[in-house]
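Asks: This is the structure, below, for whatever I ask next.
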Amino acid sequence: MKFCDINIRDPFILPYNGKYYMYGTRANNTWERKPLDTLGFDVHVSEDLESWSEPKEIFSYFDGFWGDTQYWAPEVHEYEGRFYLFASFTGKGHHRGTAILVSDTPDGRFKEHSDKAITPHDWECLDGTFYVENDTPYI
């Protein structure tokens, strides 16, 4: 599929091993509570930034996951051989915050790495990102 045929928001592209992995917010996710099928993240893969694979789901809501309303702005970063997805989530009884998911591959199933949001639980936080300075990882 061509880039113009992909309907996502907040696109983030990870170049890795000669391929490009594009993640984003599912386009029908809005401020209102939506059906569970909108609560997840997909990846599209390309070798040339023009032709992309069909979306592959890499994370979706499951019973017991604290984020049950809004999923926004996923970013994936490789660090020490694993892949970490930073995204904003909102849940009933929780402020919006950035949580971290992890996978062994850039297009694999991501699982919880952090216990709920890693941003302050009494703040509304949006779009955390990852960086390393002097060998120390930060958000």
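Asks: Residues His77, His95: which one is assigned to a strand (DSSP E or B), touching an Asp or Glu at 6+ places or on another chain (Cβ under 6 Å) and more than 19 Å from Arg26 (Cα to Cα)?
Replies: The match here is His95.
Here is a yes/no grid of residues against (1) at pLDDT below 90; (2) assigned to a helix (DSSP H, G or I); (3) among the hydroxyl-bearing types (Ser, Thr, Tyr); (4) exposed (fewer than 12 other Cβ atoms within 10 Å of the Cβ):
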| site | (1), (2), (3), (4) |
| --- | --- |
| Tyr20 | no, no, yes, no |
| Thr30 | yes, no, yes, yes |
| Asp42 | no, no, no, no |
| Val45 | no, no, no, no |
| Asp48 | no, no, no, yes |
| Phe59 | no, no, no, no |
| Trp66 | yes, no, no, no |
| Tyr71 | no, no, yes, no |
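Asks: Look through region 104-139, keep the residues that are under 21 Å from Asp68 (Cβ atoms) and under 12 Å from the mean Cα position of the chain (by Cα), and return whichever of them is surrounded by the most Cβ atoms within 10 Å (Cβ to Cβ).
Replies: Phe110
Asks: Can you tell me which of (1) closer than 26 Å to Pro15 by Cβ; (2) not in a strand (DSSP E or B) is the one Ala117 doesn't meet?
Replies: (1)
The values are calculated or read from the model by the stated rules, or taken from the named source; none is laboratory data. What you are looking at is a predicted structure, and each value in this text was computed from that prediction instead of being measured. Neighbour counts are summed over all protein chains in view; Cβ atoms, including those assigned to glycine, are modelled from backbone coordinates with ideal geometry.
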